[in-house]
Amino acid sequence: MKETFNVAIIYGSAREGRFCDIVARWAIETLKTDHDISIDTIDPATLNLPAFHVGAQHPAVQHLHVTLAEADAFIVVTPEYNHSFTGELKLLIDAAKQEWRRKPVAFVSYGGMSGGLRAVEQLRLVFAELQAVTMRDVVSFANAWDRFDEDGQPLEPVGAKAALHNMTTDLKWWAGALREARYPQSKHQLTEAVAS
């Protein structure tokens, strides 16, 4: 049986009129052609997390924990605001802990001249503290507003798709390796059940 992975796409912005919708929609549409993964989305604009720590009893926090726990891997679609990532994304990340642990995280970033890479570098520090593994390669769109057409497609689709494919290939490898390490007994039991 072929291994499949549940990948959660996380929107890194909650601003009204955000460009994140265009970038995330392209990534999701492209990834839907990969039969090795299933896609879930986490959007801080609709999640309605509380603005202060209230614990896991809050319905939005409970929903977030379930979605994160079910994911084998994450792709964060992040803009860069003032050389960093958004407050909404930090709130979302900080609302959980164990659910991130020992899972891979990849990034699709966008922004001005830096293409969101300064936000990614700061996110790497945050996810390292949560014991998540970040992918080396990033899909980055510099001057993103000039890189997509009116239909929300990249003006250089071949290169963008290849970059996403390469990053996702590594993400799937890490997702498989880390899932095997997190649940070594369950795979062994499944193999024994199939053999008997």
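The values are calculated or read from the model by the stated rules, or taken from the named source; none is laboratory data. No experiment lies behind these values; they were computed from the predicted model shown. Cβ placement follows ideal geometry from the backbone for every residue including glycine, while neighbour counts extend to all protein chains displayed.
Looking at THR46, is it in a helix (DSSP H, G or I), among the β-branched types (Val, Ile, Thr) and either over 15 Å from the mean Cα position of the chain (by Cα) or within 19 Å of ASP21 (Cα to Cα) (or both)? Can you show your working first?
Numbers: in a helix (DSSP H, G or I): yes; among the β-branched types (Val, Ile, Thr): yes; either over 15 Å from the mean Cα position of the chain (by Cα) or within 19 Å of ASP21 (Cα to Cα) (or both): yes.
So THR46 fits the description; yes.
Every residue, every condition in (1) over 17 Å from GLY12 (Cβ atoms); (2) of a type in the set (Gly, Ala, Ser); (3) more than 12 Å from the chain's Cα centre (by Cα); (4) modelled with pLDDT under 95, yes or no:
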{"position": "LEU91", "(1), (2), (3), (4)": "no, no, yes, yes"}
{"position": "ARG101", "(1), (2), (3), (4)": "yes, no, yes, no"}
{"position": "GLN122", "(1), (2), (3), (4)": "no, no, yes, no"}
{"position": "VAL126", "(1), (2), (3), (4)": "no, no, yes, no"}
{"position": "SER140", "(1), (2), (3), (4)": "no, yes, yes, no"}
Spot the failing condition for SER13; the list is (1) modelled with pLDDT under 95; (2) part of a loop (DSSP other than H, G, I, E, B); (3) touching a helix residue (DSSP H, G or I) at 6+ places or on another chain (Cβ under 7 Å), and only one is missed. (1)
Can you pull out every residue in segment 136-161 that is surrounded by 12 or more Cβ atoms within 10 Å (Cβ to Cβ) and in a helix (DSSP H, G or I)? ALA144, PRO157, ALA160, LYS161
If you take the residues in segment 61-93 that are without any contact (Cβ under 8 Å) to a residue 24 or more places away in the chain and either touching a strand residue (DSSP E or B) at 6+ places or on another chain (Cβ under 6 Å) or on the phi < 0 side of the Ramachandran plot (or both), which one is surrounded by the most Cβ atoms within 10 Å (Cβ to Cβ)? HIS63
Restricting attention to segment 118-160, which residues are acidic (Asp, Glu), over 18 Å from ASP94 (Cβ atoms) and out of contact with any helix residue (DSSP H, G or I) (no Cβ under 9 Å at 6 or more places or on another chain)? GLU121, ASP146, ASP149, GLU150, ASP151, GLU156
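I'd like to know if segment 81-90 contains one or more residues that are of a type outside the set (Val, Ile, Thr) and farther than 22 Å from GLY115 by Cβ. Steps first, please.
From segment 81-90, those of a type outside the set (Val, Ile, Thr) are 81-85, 87-90; that's our starting set.
Checking the rest, the ones that are also farther than 22 Å from GLY115 by Cβ come to none.
No, segment 81-90 has no match at all.
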